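As structure tokens, the structure follows; a few thoughts come after it.
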Amino acid sequence: MSAVPAIEVRGLRRVFRVRQGLFAPPRHVVAVDDVSFAVPAGSVLGVVGESGCGKSTLARMILGLLPPSAGEVLVDGQRLADMDRRARARLIQPVFQDPFSSLNPRRRVRDIVAMPLVAQGSISSADIARRVEEALARVGLSAEQGTRFPSQLSGGQRQRVAIARALVLRPRIVVCDEPTSALDVSVQAQILNLLAELRRELGLTYLFISHNLAVVEHVASEVAVMYLGRIVETNESEALFAEPRHPYTRALLASVLTPEPGLGVPDVGLGDTMPDPANVPAGCRFHPRCPLAFERCPVEVPRTTPNGTGFVECHLAEPA
Amino acid sequence: MSLLEVRNLRVTFGGTAAVRGISLKVEKGETHCLVGESGCGKSVTSLAIMGLLARGGRRDAERLAFAGTDIQNHSEREMSRLRGDRMAMIFQEPMTSLNPAYTVGSQMTEVLRRHRGTPRAQAVDRAAELLGRVGITAPGLRLGQYPHQLSGGLRQRVMIAMALMCDPELLIADEPTTALDVTVQAQILRLLAGIQKELGLGILLITHDLGVVARIADRVSVMYAGEVVESASAENLFADPQHPYTRGLLSCIPVPGKVKRDEPLGSIPGVVPRIPPGYVGCAFRDRCPHAHAECDGAIPRRAAGPDHEVLCTLPAGWFGRQAA
Ligand SMILES: Nc1ncnc2c1ncn2[C@@H]1O[C@H](COP(=O)(O)OP(=O)(O)OP(=O)(O)O)[C@@H](O)[C@H]1O
Ligand SMILES: Nc1ncnc2c1ncn2[C@@H]1O[C@H](COP(=O)(O)OP(=O)(O)O)[C@@H](O)[C@H]1O
Ligand code: SF4
Ligand code: SF4
Ligand SMILES: [Mg+2]
Ligand SMILES: [Mg+2]
């Protein structure tokens, strides 16, 4: 394994100012709160967590699409902030959730896939045509499908277009933000198989965001669990699924409904309080929902305790 | 007598046959899951049962009976008297049935006042009681709030509480947890299961998620392109799936600990076709690994065991029982 991580983030933070009314004071939403981690080259880091916990905000900062409020992102050892857009595009590319809104409806598929090449400004049109055709073939689309508009394709085919567009510059790293969440399971399986095959053949590194833990378990070699803007537990995938340490990770795992009849619906024990990123609880941010919370939890912020290849942030995991 | 009996229901929208001859029953105290991928006709089926089809939708059935009475010729007035009272519905997107302009409390009490003429104070008590029952910790506070002030999970709980206001005998829930986080989904489903046990109502639960089906269904009907292709008890469906589509779907689902990382998942090639009225043959045949000449003709509905039916030309028991 190469010593330089494919992605490294240090103290990454993003705050949004949200105005609720003309006279209401602005609220500060801390979408990502002082997050640090590294993704080894060639691995797949799965990021899981509830809606609104900051997964997409994290992804957009790593892609350079959103400036951080604090901290920095290193991609392949280089500071993202120092890189020009074209160099960045050759290194890291996105695949987003919604294959309907992330593709320009007025352009043909082959022109959509060609965009990153055109934006480089230095590639001949013959080369562009050849590489577009190559990328389409890689993801299982025909040249004829390349002449269509996105509206003439199914959801799964559109996601293939998005993947072809992400790969056409031969990047090292792909950030997938809920790439299969809008798809039916039969199509999800096709896309997951394709992503796995491409990773093996091209030696890619993935940051793979999903709210579906079973999907993450299937694709990820490491997993980071996010809660209200922070990574509260991360570990090598097998260890995290076998021995979850954080009570929130345990609740997430408990709520996976596998297709096994007779097991009933589990009690995840979280109550009905929902997290509000504009109003992060003091102490451990999970304490209002935590079934194991005790006196220290509402007052003391848990330390980052090393665990396996990663860490966990819970008082119960701290050494005595 | 079944609580709900649907026999050979068909719905067309102009050139689309959305539902092509569905039959199913929901018994009192039973959860019947209707499962299938998007566009297979799940929502249209539930709307057709409730008499809420969009304009341009044409419904036709041999029988559509609620508690023994065929409701096909009910007037709109008779239907609206049934809806929200003896048969209630929960939609996937709670905002489609919650009015943003009224508080949770006034919407919940309105149901009871309209159907039962219950006095306001009594209706408020009932609303607060039900909000507590669906796991809402501060019912008083929530009653005074507007729908947009609630999280998705709270809204869905409110929807369930509202659907229960008049003690319905039948609850139709169309993907009630699809838009929710997994933790909230588990809480809501547990709640539904608990309430059902307590009140003994019949539930028709519509979902695309076989994980949900496995955990909550008594009976399952698997839909594909407007038809029920396999129907069985939940236990038999998962232990002994006999339709190639059901088997394909099951193989697509990643199950922690079952398929190794980087080993390909099973998958069904191609996409769901659009079916014109008058279509003949198996709608799955372009995607089916077992398709043969017979599949272009009329497809028999075969018994695959007690209370287990499969719409397929393959002989009964073609696929052996799954090793446990
Ligand atoms: N441009 C923005 N302006 C204001 N607030 C924002 C903005 N983008 C995100 N947020 C807020 O930041 C928080 C994190 O949002 P983010 O989209 O990263 O969540 P997520 O984990 O990707 O959720 P989901 O699973 O729903 O995609 C949320 O509270 C969100 O409302
Ligand atoms: N109002 C409508 N007008 C025309 N076609 C419709 C309408 N509603 C649904 N359909 C069509 O009927 C089929 C089944 O849709 P639906 O029941 O919503 O699927 P599901 O709920 O299983 O995802 C689809 O082909 C859909 O496009
Ligand atoms: S620190 Fe306390 S509240 Fe936080 S997760 Fe651990 S036990 Fe729960
Ligand atoms: S009828 Fe034929 S094509 Fe259809 S599912 Fe059965 S074997 Fe496959
Ligand atoms: Mg997101
Ligand atoms: Mg639907």
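The values are calculated or read from the model by the stated rules, or taken from the named source; none is laboratory data. No experiment lies behind these values; they were computed from the predicted model shown. Note that we place each Cβ from the backbone using ideal geometry, even for glycine, and neighbour counts take in every protein chain shown.
What to note about this one:
- Residue check, B:Ser23 under 15 Å from the mean Cα position of the chain (by Cα), modelled with pLDDT under 95, not in a loop (DSSP other than H, G, I, E, B) and not β-branched (Val, Ile, Thr): no
- Identity of the residue in the stretch A:172-189, closer than 17 Å to B:His208 by Cα and in contact (Cβ under 8 Å) with a residue 12 or more places away in the chain, that ends up nearest to the other protein chains (Cβ to nearest Cβ): A:Asp184
- Residue match in the stretch B:96-104 (condition: out of contact with any Gly (no Cβ under 8 Å at 6 or more places or on another chain), within 14 Å of ligand 2 (Cβ to nearest atom) and more than 14 Å from chain A (Cβ to nearest Cβ)): yes
- Remark: B:Arg219 falls outside the filter, which requires a residue to be buried (at least 20 other Cβ atoms within 10 Å of the Cβ) and within 30 Å of A:Ala239 (Cα to Cα).
- The stretch A:18-70 - residue that is among the polar types (S, T, N, Q) and more than 14 Å from the chain's Cα centre (by Cα) and, of those, nearest to ligand 5 (Cβ to nearest atom): A:Ser69
- Checking the stretch B:39-55 against the condition returns a match, with at least one residue being within 13 Å of the chain's Cα centre (by Cα), part of a loop (DSSP other than H, G, I, E, B), touching a residue at least 24 places away in the same chain (Cβ under 8 Å) and away from ligand 4 (no atom under 16 Å from the Cβ).
- The listed residue being among the aliphatic types (A, V, I, L, M) and in contact with a Leu (Cβ under 6 Å, 6 or more places away or on another chain), out of B:Leu47, B:Leu98, B:Leu34, B:Leu82: B:Leu47
- Failed condition for A:Arg90, given (1) among the basic types (Lys, Arg); (2) in contact with an Asp or Glu (Cβ under 9 Å, 6 or more places away or on another chain); (3) more than 14 Å from every other protein chain (Cβ to nearest Cβ): (2)
- The listed residue being under 21 Å from B:Asp181 (Cα atoms) and either more than 9 Å from chain B (Cβ to nearest Cβ) or surrounded by fewer than 24 Cβ atoms within 10 Å (Cβ to Cβ) (or both), out of A:Leu204, A:Leu263: A:Leu263
- Annotation note: of B:Thr109, B:Thr103, the sole residue that is surrounded by 22 or more Cβ atoms within 10 Å (Cβ to Cβ), among the hydroxyl-bearing types (Ser, Thr, Tyr) and over 15 Å from the mean Cα position of the chain (by Cα) is B:Thr109.
- The listed residues are A:Ala254, A:Ala239, A:Ala320, A:Ala214, and the only one of them that is of a type in the set (A, V, I, L, M, F, W, C), out of contact with any Phe, Trp or Tyr (no Cβ under 8 Å at 6 or more places or on another chain) and surrounded by fewer than 16 Cβ atoms within 10 Å (Cβ to Cβ) turns out to be A:Ala320.
- The residue that is nearest to ligand 5 (Cβ to nearest atom), among those in the stretch B:284-302 that are away from chain A (no Cβ under 14 Å) and closer than 17 Å to B:Met223 by Cα, is B:Arg285.
- Matching option when the condition is surrounded by 20 or more Cβ atoms within 10 Å (Cβ to Cβ), at the interface with chain A (Cβ under 8 Å from one of its Cβ atoms) and more than 20 Å from B:Lys25 (Cβ to Cβ), among B:Leu154, B:Leu164, B:Leu180: B:Leu154
- Qualifying residue in the stretch B:36-46 (condition: more than 14 Å from chain A (Cβ to nearest Cβ) and away from ligand 6 (no atom under 16 Å from the Cβ)): no
- Residue within the stretch A:153-176 that is more than 18 Å from A:Val95 (Cα to Cα), within 16 Å of ligand 2 (Cβ to nearest atom) and more than 20 Å from the chain's Cα centre (by Cα) present: no
- Selection count where residues are polar (S, T, N, Q) and touching a strand residue (DSSP E or B) at 6+ places or on another chain (Cβ under 8 Å), scope the stretch A:52-111: 5
- Matching residues in the stretch A:275-306 - criterion: being farther than 28 Å from B:Gln149 by Cα and more than 13 Å from ligand 3 (Cβ to nearest atom): A:Pro306
- Members of the stretch A:74-115 that are among the acidic types (Asp, Glu) and either part of a helix (DSSP H, G or I) or more than 17 Å from A:Ala164 (Cβ to Cβ) (or both): A:Asp76, A:Asp82, A:Asp84, A:Asp111
Okay, residues lined up against (1) closer than 17 Å to B:Ser221 by Cβ; (2) surrounded by 22 or more Cβ atoms within 10 Å (Cβ to Cβ); (3) among the aromatic types (Phe, Trp, Tyr); (4) in the same structural domain as B:Leu199 (by TED's automatic domain parsing):
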| site | (1), (2), (3), (4) |
| --- | --- |
| B:Arg10 | yes, no, no, yes |
| B:Phe13 | no, no, yes, yes |
| B:Val26 | yes, yes, no, yes |
| B:Leu34 | yes, yes, no, yes |
| B:Cys40 | yes, yes, no, yes |
| B:Leu47 | yes, no, no, yes |
| B:Gly51 | no, no, no, yes |
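- When B:Val19, B:Val26 are checked against the criterion of being touching a helix residue (DSSP H, G or I) at 6+ places or on another chain (Cβ under 6 Å) and closer than 20 Å to B:Leu205 by Cα, B:Val19 stands alone in meeting it.
- Unique match (being within 15 Å of ligand 1 (Cβ to nearest atom), touching a Gly at 6+ places or on another chain (Cβ under 9 Å) and within 12 Å of chain B (Cβ to nearest Cβ)) among A:Val232, A:Val216: A:Val216
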